[in-house]
1. Determine the equivalent ellipsoid of the stretch 151-228 by diagonalising the alpha-carbon gyration tensor, then write out the semi-axes as square roots of 5 times the eigenvalues, largest first, rounded to whole Å.
2. Give 138/227; 159/223; 88/159; 60/159; 143/218; 151/183 a once-over and call out the pairs whose C-alpha atoms are over 32 Å from each other.
3. If amide H atoms are built 1.01 Å from N in the plane of the peptide, which residues on other chains or at least 5 residues away come under 5 Å of the amide H of residue 163?
4. For the stretch 27-222, what's the relative contact order in percent, using C-alpha pairs closer than 8 Å and at least 6 residues apart?
5. When the dipole is taken about the Cα centre of the chain, and only Lys, Arg (+1) and Asp, Glu (-1) are charged at their Cβ, what size is it in debye, to the nearest 20?
6. Given the rule -39500 (n - 2.57) for each run of at least 4 DSSP H residues, summed and divided by the residues of the chain, what is its mean residue ellipticity at 222 nm, to the nearest 500 deg cm²/dmol?
7. Taking neighbour Cβ counts within 10 Å as the exposure measure, how do 144, 82 sort from fewest upward?
8. Could you give the Stokes-Einstein D for the chain in µm² per second, using the C-alpha Kirkwood radius, 4 °C, 1.567 mPa s?
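A short reminder: the numbers here are calculations on the coordinates, not readings from a lab. Just so you know, these numbers come straight off a predicted model, no measurement behind them. When we count neighbours, we look across all protein chains shown, and the Cβ atoms used for this are built from the backbone with ideal geometry, even at glycine.
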Amino acid sequence: MKWPLAALLGVSANIPDPFAGEPGWVEDSHTDDYRAYTQDAPNGDIRKVLLIGSLAARPKDCFSVITDYESFPDFMPFVQYTKLLDSKKIDGNTTISHVFFFLNPPMIANRFYTIALVDEMDPDGINGAFRSKWTLEKGPFRKTPDDPQIKGHVKWGFKTPIEAIFNDGYWLFEPLEDGSKTKVSYSVWTNPGGLIPATIADKANAIALPKIWAAFKKRLAEKKFLKL
């Protein structure tokens with residue numbers, strides 16, 4: 001089933017989105033608290049993924065969990081190591097951070113990347129909302145597993161770790177019911193690199209998405225922000 005983007009975003013229809021104006025979102029799966037969609041990418045590349053759900057937790061609490069980057073290895077699937085390389089507060093609502101990620105996905109070589117994240121309160125004038133939006137860092141903050149700051153903190157097998165080709169996305173948390181609940185939007189478009197066919201990468205994303213959602217909910221519960 002195809003959905004227009006405005007319908008997918010519901011109350012967020014006016015929020016600029018990396019995929020705004022692009023048709024063809026198709027529902028891939030759903031549960032009681034989220035729906036997942038995919039969209040074919042240009043030139044047969046890996047599909048874009050969009051998850052929209054709701055939780056009985058406050059937006060700022062969701063945001064605090066998802067921006068605690070150095071704790072990702074404690075709860076996020078496949079994340080072996082992270083390092084916060086730099087963080088600067090731009091104004092009262094915006095912080096820009098650079099974070100190195102080292103992943104341990106099943107059956108394939110380890111992956112790594114550095115991303116630049118823009119973390120915002122009230123993004124695009126949406127009162128009470130929070131957004132963490134990222135793209136791959138290719139500038140001075142880019143790190144590899146051999147970097148002195150990273151080496152010794154990561155482990156891999158006989159296969160050399162591979163750097164992701166691109167990774168763009170966001171988490172968006174919007175208030176529902178006067179802020180006692182949250183509409184959660186998670187969007188990602190990534191190519192893990194290596195000789196992995198797009199169809200296999202798409203399957204891996206489909207497997208990872210419910211794991212990420214479950215891990216996020218569990219972490220919120222551990223922090224006493226959500227009752228499971």
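1. Equivalent-ellipsoid dimensions as semi-axes: 31, 17, 12 Å.
2. The pairs that break the limit, which is 32 Å between Cα atoms, are 138/227; 159/223; 88/159; 60/159; 151/183.
3. Under 5 Å from the amide H of residue 163: 112.
4. 23 percent
5. The calculation lands at about 660 debye.
6. Only helices count here, giving -5500 deg cm²/dmol.
7. Sorted ascending by nearby Cβ count, the order is 144, 82.
8. 71 µm²/s
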